[in-house]
């Protein structure tokens, strides 16, 4: 299969919608690092850079049909996109406790341990009936065990992220900062809805549902990503 033999819907989804998200995430990461390259900013930028890498890998295997190659590159795509949530947890821990309490060693430990948990989903590649297959349009179809595994792994990061964001909100005394932080919480919630929507879409494998999630998800991801960036505000300033 060549790029021109792909379905129009798949081309628009991968190189249109996801391409735009990738560019937008890279833009926000650039804006964050441009302000300052201190550790807090680097960690926060990881939330945008990680999925951007995943999207780029997806662009590469989009037109391919070698199942073993597509399966491996799809694994890497999933890894980088869904690994991004742990950066928010570390970022919030630093905001809440300070870098003296959440040392570089602790930050790295959290990132590595979550990375190991996320990378362990590679085991599903050896058991296709329990992992990921592809439909006639070469869109990924998740088995129930794979769906449940990713839900559990992501929830390990998502629930703490939401809890910590609320604790940080309570800690702020400046009303303007609290107001902006609400945008961060709303943006994070939007990203979570988008993520679980993708999980369900890939598992159900219903064309119309994929299309709806694709359109709604694009809006949720873009708006959510920007709201999180906007809500952080002064926290990433020099």
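Each value in this text was obtained by applying a stated rule to the coordinates, not by laboratory testing. What you see is a predicted model, and the numbers here were worked out from it, not measured in a lab. Glycine gets a Cβ as well: all are built from the backbone with ideal geometry, and neighbour counts include every protein chain shown.
For semi-axes √(5λ) of the Cα gyration tensor in Å, which listed value, [x] 32, 19, 16; [y] 45, 24, 18; [z] 26, 20, 17, comes from the coordinates shown?
Entry [x].
Would you mind getting me the FRET efficiency between residue 136 and residue 182? Use the beta-carbon distance for r and R0 = 45 Å, nearest 0.05. Please report the intermediate quantities before stating the final value.
Numbers: r = 44 Å, r/R0 = 0.98.
Using R0 = 45 Å, I get an efficiency of 0.55.
Suppose only helical runs count, i.e. DSSP H with n ≥ 4. What mean residue ellipticity at 222 nm does that imply for the chain under -39500 (n - 2.57) per run, divided by all residues and rounded to the nearest 500 deg cm²/dmol? Don't skip to the end; give the middle numbers.
On the way: 9 runs with 175 residues, N = 238.
After summing the helix terms and dividing by residue count, I get -25000 deg cm²/dmol.
Taking 0.36 nm per intervening residue step and subtracting the Cα-Cα distance, what contour gain separates residue 116 from residue 151 on full extension? Could you put the intermediate results ahead of the total?
Details: separation 35, 0.36 × 35 = 12.60 nm, distance 1.57 nm.
Roughly 11.0 nm would be gained on extension.
Under a point spin-label approximation (7 Å from Cα along Cα-to-Cβ), what is the residue 126-residue 103 distance to one decimal in nm?
Taking the simple label geometry, residue 126 and residue 103 are separated by 3.7 nm.
Sequence gap at least 6, Cα distance under 8 Å: using those rules, report the relative contact order of the range 1-156 to the nearest whole percent. Don't skip to the answer; put the middle values down first.
Details: 149 pairs, mean separation 29.8, N = 156.
So the answer I get is 19 percent.
Which of these, 46, 187, 16, has the largest mean-square fluctuation under a Gaussian network model of the chain (Cα springs below 10 Å)?
16
How far is helix 85-97 tilted off the main Cα axis of the chain, in degrees rounded to 10, range 0 to 90?
That works out to roughly 10 degrees.
What ranking do 118, 72 get, fewest neighbouring Cβ atoms within 10 angstrom at the top?
Details: 118 21, 72 15.
Lowest to highest Cβ neighbour count: 72, 118.
Where a ≥ b ≥ c are the square roots of the eigenvalues of the C-alpha gyration tensor, would you call the range 59-111 rounded, which needs a/c under 1.5, or, failing that, prolate if a/b is larger than b/c, or oblate? All intermediate terms of the calculation are to be shown ahead of the outcome.
On the way: a/c = 5.87, a/b = 3.70, b/c = 1.58.
Note, shape of the range 59-111 comes out prolate.
Under a crude label model (7 Å from the Cα following the beta-carbon direction), how far is residue 206 from residue 67 in nanometres?
The answer from the label model is 2.7 nm.
Please arrange 230, 149 by counting, for each residue, the other beta carbons lying within 10 Å of its beta carbon, fewest first.
Values: 230 13, 149 19.
Arranged by neighbour count, lowest to highest, 230, 149 become 230, 149.
Could you put 129, 205 in order, starting from the residue whose Cβ has the fewest other Cβ atoms within 10 Å? Display every interim value, and only then the final one.
Numbers: 129 8, 205 16.
Ascending number of Cβ neighbours within 10 Å: 129, 205.
To test your reading of the geometry: what angle, between 0 and 90 degrees and rounded to tens, separates the Cα axis of helix 18-35 from the longest principal axis of the chain?
With both axes taken from Cα atoms, the answer is about 20 degrees.
Indicate the gyration tensor shape class of the range 1-135 (rounded, prolate or oblate), computed on the Cα atoms with a ≥ b ≥ c the square roots of the eigenvalues: a/c under 1.5 is rounded; otherwise a/b larger than b/c is prolate and the rest oblate. Write out the running numbers ahead of the final one.
Working: a/c = 3.73, a/b = 1.60, b/c = 2.33.
Verdict is oblate for the range 1-135.
With everything on Cα atoms, drop me the angle between helix 144-171 and the longest principal axis of the chain, reported from 0 to 90° to the nearest 10.
Once rounded, the angle reads 20 degrees.
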